[in-house]
Amino acid sequence: VVADFKPTVTQARIARRNQDLWWQRESAPNLLGLYGLFTRYQLVRHAGSEMAKFSYADFLTLIESPTDRSSVYTLSRSTQDYLGALLVDQVDDGLSAVYSFYDPEARVRSLGSELIMRLVLEAGRLRLPYVYLGYWVPGSLKMDYKSRFGPAEILTDNGWVRREITR
């Protein structure tokens, strides 16, 4: 819920650490640069997965085939010196994070969290009420990061339930 998002102490620290980075919606991204970043990310974070085997053609399908409401946002130190990227779909009431990847060697920057926080700010700038992070499976280590952002509205068997973040 964009209007109610308040960074935790840790998230505020991450934002300060990354204030030197440039956030940009890319109209013509350096696709080879993004593919290099994507490949490094996959090999470190998801070695052995199907995505770690993506060819450049597979990557282009991921980046270029979405709808006309899809965008690529990047974090960089300078023009096209990419540290992180986020594939985003704009829906009627928000921004939906499709896939993110970032420099796995820049652990101290917590770039995954930074990408989400920048997306929340972008949704606010666009006056959209929600950021969608996709499915969340409690107990899944690969999805646990989603539980650190909120407040969240989670679809359960009993309908939508608001969940506050414990600080």
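The values are calculated or read from the model by the stated rules, or taken from the named source; none is laboratory data. Note that the coordinates shown come from a computational prediction; the quantities given were computed from them, not determined experimentally. Neighbour counts are summed over all protein chains in view; Cβ atoms, including those assigned to glycine, are modelled from backbone coordinates with ideal geometry. Note: accessible area is taken over every heavy atom of the protein model, side chains too, but ligands, DNA and RNA are not part of it. Shrake-Rupley method; radii C 1.70, N 1.55, O 1.52, S 1.80 Å.
Before moving on, here are some points about what is shown:
- Within the stretch 1-35, being in a loop (DSSP other than H, G, I, E, B) and over 30 Å from residue 155 (Cα atoms) holds for 18, 19, 20, 21, 27, 28, 29, 30.
- Residue in the stretch 40-47 that is at pLDDT 90 or above and among the β-branched types (Val, Ile, Thr) present: no
- Answer residue from the stretch 1-24, given it is of a type in the set (Lys, Arg) and loosely packed, with under 12 Cβ neighbours inside 10 Å and is modelled with the lowest pLDDT among those: 6
- Strands (runs of 3 or more DSSP E) fully within the stretch 63-167 counting 1 or more residues that are among the basic types (Lys, Arg), on the phi < 0 side of the Ramachandran plot and open to solvent by 20 Å² or more (accessible area, probe 1.4 Å): 159-163
- Taken over the stretch 47-62, the criterion of being open to solvent by less than 40 Å² (accessible area, probe 1.4 Å) and assigned to a loop (DSSP other than H, G, I, E, B) is satisfied by 49 alone.
- Selection count where residues are open to solvent by 20 Å² or more (accessible area, probe 1.4 Å) and among the hydrophobic types (A, V, I, L, M, F, W, C), scope the stretch 27-46: 5
- Residue check for residue 116: within 21 Å of residue 6 (Cβ to Cβ) and without any contact (Cβ under 8 Å) to a residue 40 or more places away in the chain: yes
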